[in-house]
Every structure is written in structure tokens, then in C-alpha cells.
């Protein structure tokens, strides 16, 4: 069995300034963040298919009391073949160097990014 390479993943808000040590910068929100130009975002990719579905996002409505169920539903959404392909792409980037996942979410501990990072690491 081949030993797995550790992933180099960090999470930043898309409103934070880009840094030379960000590596590959990937936006993982379904909607483009308000007030951020494409130039300012400094993205290498936008993997909107990895964001929670519109239905799940609206149901959750960033209610921390719903987070555990939201996370379970989102993990299930990530098993969709299109999404697993996108996860594999990000995993490969993170194995090759630093991957910075960008989101507009204010409440990072209760956002989809936490679930996404765990899914990448489980890979």
C-alpha cells in the first residue's frame, strides 16, 4: 500500500488579501462574493459544484443549531459523482502543494468549508 501524502490545505475568506504563500487559490462557494472583483480575488479556479446545493443552503440558513444535520446532508451531497471528481482534483492539488480554499462565509466553524476539508482529508 502506498503511503498517502499529507494534504496542505488552508482556509481563508475571499475578502482577505491574497498572500504569496497561498499556493493554489480556489473559491468553493456557489455564488460569487459581493464586492469582490475577479482581479482582487486572485483565483486559480472556482469549484462551485463543491458548494452545498441551493436547496440545502436555503434550508440551513446559517443556523448553528442546524449545523450537524447540515453537515450530514452536505457529506451526502459530496458523494455525487461530479462532486467526487472535483474533490479528487482538489486533493491532487493539495498533495502537490499548498491549496487555499476561499469562501465568503463569515462563520467558518459552522460553514461548509469545515465539512469539505474533512472530506478532502478522508480521501
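The values are calculated or read from the model by the stated rules, or taken from the named source; none is laboratory data. Worth saying up front: this structure is predicted, and the values here are computed from it rather than measured. Here the Cβ positions follow ideal geometry from the backbone for every residue, glycine too, while neighbour counts run over all protein chains shown.
When residue 118 is tested against the conditions (1) farther than 18 Å from residue 22 by Cα; (2) surrounded by fewer than 19 Cβ atoms within 10 Å (Cβ to Cβ); (3) more than 12 Å from the chain's Cα centre (by Cα), the lone failure is (3). Looking at residue 52, is it part of a loop (DSSP other than H, G, I, E, B) and buried (at least 17 other Cβ atoms within 10 Å of the Cβ)? Here the answer is yes, as residue 52 does meet what is asked.
Against the condition closer than 19 Å to residue 9 by Cα, over 13 Å from the mean Cα position of the chain (by Cα) and surrounded by 12 or more Cβ atoms within 10 Å (Cβ to Cβ), how does residue 95 come out, does it pass? So residue 95 fits the description; yes. When the range 98-108 is limited to residues that are modelled with pLDDT under 95 and touching a strand residue (DSSP E or B) at 6+ places or on another chain (Cβ under 9 Å), the one that is surrounded by the fewest Cβ atoms within 10 Å (Cβ to Cβ) turns out to be 106.
Restrict the check to the range 72-81 and report whether at least one residue is out of contact with any strand residue (DSSP E or B) (no Cβ under 6 Å at 6 or more places or on another chain), surrounded by 12 or more Cβ atoms within 10 Å (Cβ to Cβ) and under 19 Å from residue 10 (Cα atoms). For the range 72-81, residues out of contact with any strand residue (DSSP E or B) (no Cβ under 6 Å at 6 or more places or on another chain), surrounded by 12 or more Cβ atoms within 10 Å (Cβ to Cβ) and under 19 Å from residue 10 (Cα atoms): absent.
Against the definition (in contact (Cβ under 8 Å) with a residue 24 or more places away in the chain and either farther than 21 Å from residue 6 by Cβ or in a helix (DSSP H, G or I) (or both)), how does residue 57 come out, yes or no? Considered against the rule, which asks whether it is in contact (Cβ under 8 Å) with a residue 24 or more places away in the chain and either farther than 21 Å from residue 6 by Cβ or in a helix (DSSP H, G or I) (or both), residue 57 comes out as yes.
Residue 43 meets all of the listed conditions (1) touching a strand residue (DSSP E or B) at 6+ places or on another chain (Cβ under 9 Å); (2) assigned to a loop (DSSP other than H, G, I, E, B); (3) surrounded by fewer than 17 Cβ atoms within 10 Å (Cβ to Cβ) but one, namely (3). Among the conditions (1) at pLDDT 95 or above; (2) surrounded by 15 or more Cβ atoms within 10 Å (Cβ to Cβ); (3) more than 24 Å from residue 80 (Cβ to Cβ), the only one that residue 65 does not satisfy is (2). Looking only at the range 24-35, residues that are touching a residue at least 60 places away in the same chain (Cβ under 8 Å) and either closer than 23 Å to residue 94 by Cβ or buried (at least 16 other Cβ atoms within 10 Å of the Cβ) (or both) come to 7 in all.
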